[in-house]
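Participant: Below is a structure I'd like to ask you about.
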Amino acid sequence: MKLATLKDGTRDGRLVVVSRNLSHAAPAPHVKTLQAALDDWDTIAPELEALSARLNQGMIAGTMAFNTGECLSPLPRAYQWADGSAYVNHVELVRKARGADMPPSFWTDPLMYQGGSDTFLAPTQPIPLADAAWGCDLEAEIAVITGDVALGSPPAQAGQAIRLLLLVNDVSLRGLIPNELAKGFGFFQSKPSSAFSPCAVTPDELGAAWDGARVHRPLLSQINGRKLGQPDAGVDMTFDFPTLVAHAAKTRALGAGAIVGSGTVSNRGPDGGPGKPVDQGGVGYSCLAEVRTIETIQLGQAQTPFLKQGDRVRIEMFGEDGQSIFGAIDQVVGG
């Protein structure tokens with residue numbers, strides 16, 4: 001099933017079930033918010049699944065047209081937002097861009113930071129940018145929303161707690177990152193509010209594309225209508241989602257509604273190198289930092305600018321049937 005949260009004048013919005021083709025929606029029965037559904041998932045999920053089945057069969061009269069412009073983030077705020085870096089190719093490239101070596105342990109021990117979860121951007125909400133010198137960048141990712149995860153859960157157990165999947169634009173301010181990380185205390189100002197896709201979907205909506213650990217579909221990113229990348233999310237994912245969730249729960253239990261991100265989706269080239277842009281026959285990239293790193297390696301300096309006022313970012317994933325799975329993140333910088 002597909003779930004979304006519509007604006008209703010309150011902070012946490014109104015939970016709706018959305019049709020598979022994203023055309024119609026129906027209010028969820030007996031529960032107002034997605035967080036409330038996650039808190040009592042075993043009871044509420046069967047009711048939502050039954051509603052989803054009737055909606056997709058056209059058996060519900062008076063359904064509303066589904067408009068992504070009326071959506072908040074599926075979870076407008078969350079108790080936990082922990083973002084990993086599962087695609088080590090991406091980590092290697094962005095560290096190279098700022099002259100930092102990559103320790104060998106990065107291939108065996110996931111990177112993860114705790115992001116701000118009190119204010120998420122809606123999928124069509126403008127990306128605030130007060131200063132272009134901050135180096136605004138998109139990062140196209142996938143994330144999971146969990147149920148309760150016990151302290152110290154191994155990956156097999158952690159994977160069983162995955163309830164929903166969704167897309168992310170993990171907005172990054174590249175110009176602020178080096179000085180902030182140099183303090184040795186992690187991201188804060190360089191990681192403003194992230195945006196999530198209109199819909200969060202249960203794993204079964206992905207069919208064979210979900211193997212219980214990874215999503216095997218291309219993730220499309222565009223800037224001003226031009227394709228930036230379409231790397232396959234199931235390729236070169238060093239740490240799968242059960243591993244990331246278990247990593248987050250190593251020293252603390254996770255509460256229902258915790259969001260755990262994959263980090264920027266990134267594929268190596270067939271030769272094991274950093275890959276090529278789309279216009280050169282490659283799968284491209286999911287962030288501008290990778291583009292700029294490769295330009296620096298090949299040309300001696302970065303040529304592609306970071307996002308500026310008025311730029312439009314679109315992130316989306318399609319199924320084998322050509323239908324949008326999650327709906328699109330579609331944002332204008334500065335609005």
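Participant: Can you pull out every residue in segment 267-303 that is of a type outside the set (S, T, N, Q) and in a helix (DSSP H, G or I)? It would help to see each step written out before you state the result.
Facilitator: Our first condition is that a residue be of a type outside the set (S, T, N, Q); within segment 267-303, this holds for 268-279, 281-285, 287-292, 294-295, 297, 299-300, 302.
Once the filter is applied, which keeps residues that are of a type outside the set (S, T, N, Q) and in a helix (DSSP H, G or I), segment 267-303 yields VAL278, ASP279, LEU288, ALA289, GLU290, VAL291, ARG292, ILE294, GLU295, ILE297, LEU299.
Participant: Can you find a residue that is at negative phi, in contact with a helix residue (DSSP H, G or I) (Cβ under 9 Å, 6 or more places away or on another chain) and assigned to a loop (DSSP other than H, G, I, E, B) anywhere in segment 3-11?
Facilitator: Within segment 3-11 (the criterion being at negative phi, in contact with a helix residue (DSSP H, G or I) (Cβ under 9 Å, 6 or more places away or on another chain) and assigned to a loop (DSSP other than H, G, I, E, B)), the answer is yes, since at least one residue qualifies.
Participant: Shifting gears a bit: Can you say whether THR264 is surrounded by fewer than 18 Cβ atoms within 10 Å (Cβ to Cβ), of a type outside the set (A, V, I, L, M, F, W, C), part of a loop (DSSP other than H, G, I, E, B) and at pLDDT 95 or above, as far as the supplied structure shows? Working first, answer last.
Facilitator: Working: surrounded by fewer than 18 Cβ atoms within 10 Å (Cβ to Cβ): no; of a type outside the set (A, V, I, L, M, F, W, C): yes; part of a loop (DSSP other than H, G, I, E, B): yes; at pLDDT 95 or above: yes.
No; evaluated as a whole, the condition is false for this residue.
Participant: Test of understanding: among THR68, THR63, which residue is more than 24 Å from the chain's Cα centre (by Cα) and buried (at least 17 other Cβ atoms within 10 Å of the Cβ)?
Facilitator: THR63
Participant: Pairs needed: first member in segment 54-72, among the hydrophobic types (A, V, I, L, M, F, W, C); second member anywhere, open to solvent by 90 Å² or more (accessible area, probe 1.4 Å); C-beta distance under 8 Å; at least 6 residues apart or different chains.
Facilitator: Pairs that qualify, where the first residue is among the hydrophobic types (A, V, I, L, M, F, W, C) and the partner is open to solvent by 90 Å² or more (accessible area, probe 1.4 Å), are ILE60/ARG54; CYS71/LYS7; LEU72/LYS7.
Participant: If you don't mind, another one. Could you please give the count of residues in segment 12-34 that are open to solvent by 30 Å² or more (accessible area, probe 1.4 Å) and outside any loop (DSSP other than H, G, I, E, B)?
Facilitator: 3
Participant: Residues that are out of contact with any helix residue (DSSP H, G or I) (no Cβ under 7 Å at 6 or more places or on another chain), open to solvent by less than 10 Å² (accessible area, probe 1.4 Å) and aliphatic (A, V, I, L, M): does segment 297-306 have at least one?
Facilitator: No.
Participant: Suppose we filter segment 307-333 for residues that are over 19 Å from GLU70 (Cα atoms) and surrounded by 13 or more Cβ atoms within 10 Å (Cβ to Cβ); how many remain? Walk me through it before giving the result.
Facilitator: Restricting attention to segment 307-333, the residues satisfying the condition of being over 19 Å from GLU70 (Cα atoms) are 307-311, 317-323.
Next, only the ones that are surrounded by 13 or more Cβ atoms within 10 Å (Cβ to Cβ) stay: 307, 309, 311, 317-319.
Count: 6.
Participant: Report every pair of residues separated by at least 6 positions or lying on different chains whose Cβ atoms are under 9 Å apart, first residue within segment 185-200 and within 30 Å of SER19 (Cα to Cα), second assigned to a loop (DSSP other than H, G, I, E, B) and of a type in the set (D, E, K, R).
Facilitator: Listed pairs, sorted by first residue: SER193/ASP118; SER194/GLU139; SER194/ASP170; ALA195/ASP170.
The values are calculated or read from the model by the stated rules, or taken from the named source; none is laboratory data. Every value quoted in this text rests on a predicted model; they were computed, and no experiment measured them. Note that we place each Cβ from the backbone using ideal geometry, even for glycine, and neighbour counts take in every protein chain shown. Surface accessibility is based on the protein's heavy atoms, side chains included, excluding ligands, DNA and RNA. Shrake-Rupley method; radii C 1.70, N 1.55, O 1.52, S 1.80 Å.
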